[in-house]
Structures are given as C-alpha cells and as structure tokens.
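Following: one structure in structure tokens, then a few remarks.
We did not get these values from a lab; they are worked out from the coordinates using the rules stated. Keep in mind that this is a model prediction, so the values were computed, not measured. Note that we place each Cβ from the backbone using ideal geometry, even for glycine, and neighbour counts take in every protein chain shown.
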Amino acid sequence: MRHRVAGSKLNRSPSHRRALWQNLTCELFKHHRVVTTVRKAKQCRPFAEKLITLAKEKNLANVRRAVKLLGSNRQAKDVARHLFDDIAPTFQDRPGGYTRVLRLSNRRLGDGGEQAIFELVNYEPTPSGAVEE
C-alpha cells in the first residue's frame, strides 16, 4: 500500500531525479518557460518554488544554498544570480504559487507522452518578431 508516499520516482535513480530537477529548474529560471511532461513538471514544482522562496531574502548564506541546490557548475551560478537579482524581486509580495503547469492538448510524437508548459506565473511571452527593449 502506498499510504502517505508522496511523489513518483519517474523510473530514475535518486541521483538522476535530483539532476533532472536541477536541470529543469535552471532552464525554467533562464527561459521563464519550459515544455516538458506533466509528471516531470509536477515533480519539479516544489523544488523550484522553494528556491524562489529562498531567493526572496538575499544574503550570502541563501545564495550559497541556492547554488548548492542548483548544482555547483558555472551555469548554476549564473542562474542563481539571475534568480536573486531578477526573478525573486518580482515575487516579493506574493506568498507562494510562483509556477504553473499548463497541459497541452498535443502529445509527444515519439511515445505519446502528455506534454505541459511549466512556467513562472508572471511570465508574459513577447509576440514573435517583436524586439524587447
């Protein structure tokens, strides 16, 4: 029986799941929107939201914790800087719920996996061809 067992293993080892969460969260913070499967997005959501909550208070200890959680490579350090400087201030007055999972109607071609858009709540896509200033 699965009483009180939260989450799913996604057919991966614990280290592979951790790497998946780190990579998906880094891409989410870089691009503000990621297309992935529904299950991956739902499993990654708590990880991403905890990082945003951590980034709302900028101090050295929180920056180091965020870099450690995102993985200690060069990309993670750049993403952590972007998280603390650009993303977290936009959510300063919001008590939670920083991400959303929007299901897509079309399925993945290879295996028919259910797809979703995993994005930050305040993300507003620019029309294609428009120049950002």
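Restricting R2, R17, R12 to residues that are free of Cβ contacts under 8 Å to residues at least 24 places away in the same chain, touching a helix residue (DSSP H, G or I) at 6+ places or on another chain (Cβ under 8 Å) and closer than 26 Å to G112 by Cβ narrows the list to R12. When segment 88-121 is limited to residues that are part of a strand (DSSP E or B) and acidic (D, E), the one that is nearest to V35 (Cα to Cα) turns out to be E119. Filtering segment 51-66 to residues that are loosely packed, with under 14 Cβ neighbours inside 10 Å and not acidic (D, E) leaves N59, L60, A61, R64. Annotation: of all residues in segment 67-105 being in contact (Cβ under 8 Å) with a residue 60 or more places away in the chain and within 12 Å of L120 (Cα to Cα), the one that is surrounded by the most Cβ atoms within 10 Å (Cβ to Cβ) is T99.
Of all residues in segment 61-74, those being farther than 20 Å from T99 by Cβ and of a type outside the set (A, V, I, L, M, F, W, C) number 5. Within segment 108-120, identify whether any single residue is over 22 Å from G7 (Cβ atoms), surrounded by fewer than 18 Cβ atoms within 10 Å (Cβ to Cβ), of a type in the set (A, V, I, L, M) and without any contact (Cβ under 8 Å) to a residue 60 or more places away in the chain, and answer yes or no. Yes: one or more hits.
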